[in-house]
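Each value in this text was obtained by applying a stated rule to the coordinates, not by laboratory testing. Since we're looking at a predicted model, the values are computed, not measured. Because the Cβ atoms are built from the backbone with ideal geometry, glycine has one as well, and the counts that use them run over all protein chains shown.
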Amino acid sequence: MAARTARPDGSEPASGTPTEGAAQPTVENRWWVDANTSAKRRGPTPPGERETAPIVGRLFDVGRDFDQDRAKARLTDSNLHLLRESNPPEDAWAYLPMTQQRSSRDLLERVKRALRLPRGGRGVLVDSGTSLRAIATGRPFGDRVVELTLGGDSSLDVWSRGEWVAERVFRSRERALREAPHLLSRYLRASD
């Protein structure tokens, strides 16, 4: 039988009544009780009363006056500038290191073998150490440009006559190397 605690006057507490030393249940210590404190019930905070974290302000300042069309044109121009700077011969790849850190020779050779250029095509491998970009163009030079980025986020972007026309994101670098050869061939094929 369980031990019972007697009150100081000797009487026993009624069944189901808490004893004196025990914590009394209150609304404050019951997690399931809605005390009408949620932001939804209070309503939105007026803009003047909101605190902005310092990093958020700087983040939005970076995007202020951003012109997406101009950025797109610069990216397309950037790829063409890299192709011109490296000056690859027809039907071949050139190599352009951008940092002291370099990709492995095995990876460079593997990419060259996997990405076969169309007849008259030119390409450059732009090595940033942590990522490798394969930029290729067919005939006429710069009319169609394909950029394959191999790194943490592998993707393929395609431009035709300066317009961005396609993007493909890959789950991994290995998947990109398996699928990109077909896509490169398809997008650089002469369109009559």
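Summary of values
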{"quantity": "Residue 171 versus residue 107: modelled label distance in nm, points set 7 Å from Cα along the beta carbon direction", "calculated": "2.1"}
{"quantity": "Between segment 159-192 and segment 99-142, the Cα center-to-center distance that results, in Å", "calculated": "13"}
{"quantity": "FRET efficiency for residue 92 and residue 185, using Cβ-Cβ distance with R0 set to 22 Å, rounded to 0.05", "calculated": "0.85"}
